[in-house]
1. How many residues are touching a residue at least 40 places away in the same chain (Cβ under 8 Å) and either surrounded by fewer than 12 Cβ atoms within 10 Å (Cβ to Cβ) or closer than 19 Å to SER17 by Cα (or both) when one looks only at region 34-73?
2. Quick test for you: out of PRO86, PRO23, pick the one residue that is touching a residue at least 24 places away in the same chain (Cβ under 8 Å) and not in a helix (DSSP H, G or I).
3. Would you mention how many residues in region 26-74 are in a helix (DSSP H, G or I) and small (Gly, Ala, Ser)?
4. So, in region 1-20, of the ones that are within 12 Å of the chain's Cα centre (by Cα) and part of a loop (DSSP other than H, G, I, E, B), which residue ends up nearest to LYS77 (Cα to Cα)?
5. Being touching a Phe, Trp or Tyr at 6+ places or on another chain (Cβ under 7 Å) and either at pLDDT 95 or above or over 15 Å from ALA28 (Cα atoms) (or both) is the filter here, so list the residues in region 72-88 that pass it.
Amino acid sequence: MPTISMFYGIIVRMYCSPSEHNPPHIHAYYQDAKAVVDLNSCEITEGNFPRKQAKMLVAWTEIHHEELMADWDLASKGELPFKIEPLR
C-alpha cells in the first residue's frame, strides 16, 4: 500500500489492486490510530483518529478530492497512485 502523502504525523495510503473494494477510500495512520476516509463523502467511516488530526485529514481530503479520485482510478487498475501535496 503506497504512501501518497504525509503531514503533521499523519500518513495517508491507498491500496493498489484491481480487486480493491468500493467505495473509493484512503487509509490514514497517526501514531497508534487508524482511519478510513470515504472519498465520495470526505468523511471518516472507520477508525479512532484524535479529533484535531481527524479535522486536518478531512480538510486535506476535501482540498485534494479530484486528485484522490484520479489516484483511486489508477490504483483500482493496479497502477501506482501519484503523490499528493501535504497539508501546510
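The values are calculated or read from the model by the stated rules, or taken from the named source; none is laboratory data. Computed from a predicted structure; not experimentally measured. No Cβ is skipped: glycine too gets one built from the backbone with ideal geometry, and neighbour counts run over all protein chains shown.
1. 4
2. The conditions single out PRO86.
3. Applying the first criterion (in a helix (DSSP H, G or I)) to region 26-74 yields 51-63, 65-74.
From what is left, the residues that are small (Gly, Ala, Ser) are 54, 59, 70.
Residues in region 26-74 being in a helix (DSSP H, G or I) and small (Gly, Ala, Ser): 3 in total.
4. TYR15
5. Answer for region 72-88, where residues must be touching a Phe, Trp or Tyr at 6+ places or on another chain (Cβ under 7 Å) and either at pLDDT 95 or above or over 15 Å from ALA28 (Cα atoms) (or both): ALA75, PRO86.
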